[in-house]
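My questions all concern the structure below.
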Amino acid sequence: MFTEDEILISRFQRGDDEAFDRLMAAHTDKVFALAWGVLQNREDAIDATQEVFIKLHAALAKFPASGNLNAWLYRVCLNHCIDRKRRAKHSSAALSDADWERLRGPEVDEPEFRAYQSEVGRIIREAVDRLPERQRMVFILRHYKLLSIEEIGRAIGCTSGTVKAHLSRATARMRDELKGTVLLESSEVE
């Protein structure tokens, strides 16, 4: 059985331009969320998202239909954003509530999402915003995009051990930042 991505890639390779539009619609939010997580600037994230899909359009003719499109998109997006950030030297900005909602995804009816939007969610978001760039990226990919350690490693081009080290440091820093808040009085940060 073929996935929707595999079917759309095959259709595009046979000349169906609408298939690319559908692929783009299915993956735009994920690519934008990742770009925003790295760049911390809405306009830059929009530009990066467009650049990633331009690269996908150019590469899709030779892309294996059974290839992992999600991994390819994450990898290209991360590389593009890191390069862009190095060139631009922008200062990091805090994410707005709307940007965090987009990063988290459309599960607005889930109880944890409603709690996330509360005061506790705001405190956590501010602590995540203060993490160093690489730790923030790994933390977001793991806890908000729910990628496995191996998927994160492939996406950012490092070993699983390096991902674990960044995640461990990010978690320790989050614990330190959240000490004394309501969050750590009743539960621990994972």
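The values are calculated or read from the model by the stated rules, or taken from the named source; none is laboratory data. In this text the structure is predicted, and so the values were computed from the model without any measurement. A quick note on method: Cβ atoms are made from the backbone with ideal geometry, for glycine too, and the neighbour counts reach across all protein chains shown.
Considering R104, R84, R114, which residue is basic (K, R) and at pLDDT 70 or above?
Values: R104 fails: at pLDDT 70 or above; R114 fails: at pLDDT 70 or above.
Of R104, R84, R114, the one residue that is basic (K, R) and at pLDDT 70 or above is R84.
Same structure, new question: So, in region 7-60, exactly how many residues are of a type in the set (D, E, K, R) and either closer than 21 Å to R142 by Cα or assigned by TED's automatic domain parsing to the domain that holds K145 (or both)?
2
Does D99 fit the bill of being among the acidic types (D, E), in a helix (DSSP H, G or I) and at pLDDT below 85?
Yes, satisfied.
Going by the structure shown, is A35 part of a helix (DSSP H, G or I), at pLDDT 90 or above, touching a Cys at 6+ places or on another chain (Cβ under 8 Å) and not polar (S, T, N, Q)?
Numbers: part of a helix (DSSP H, G or I): yes; at pLDDT 90 or above: no; touching a Cys at 6+ places or on another chain (Cβ under 8 Å): yes; not polar (S, T, N, Q): yes.
Answer is no for this residue.
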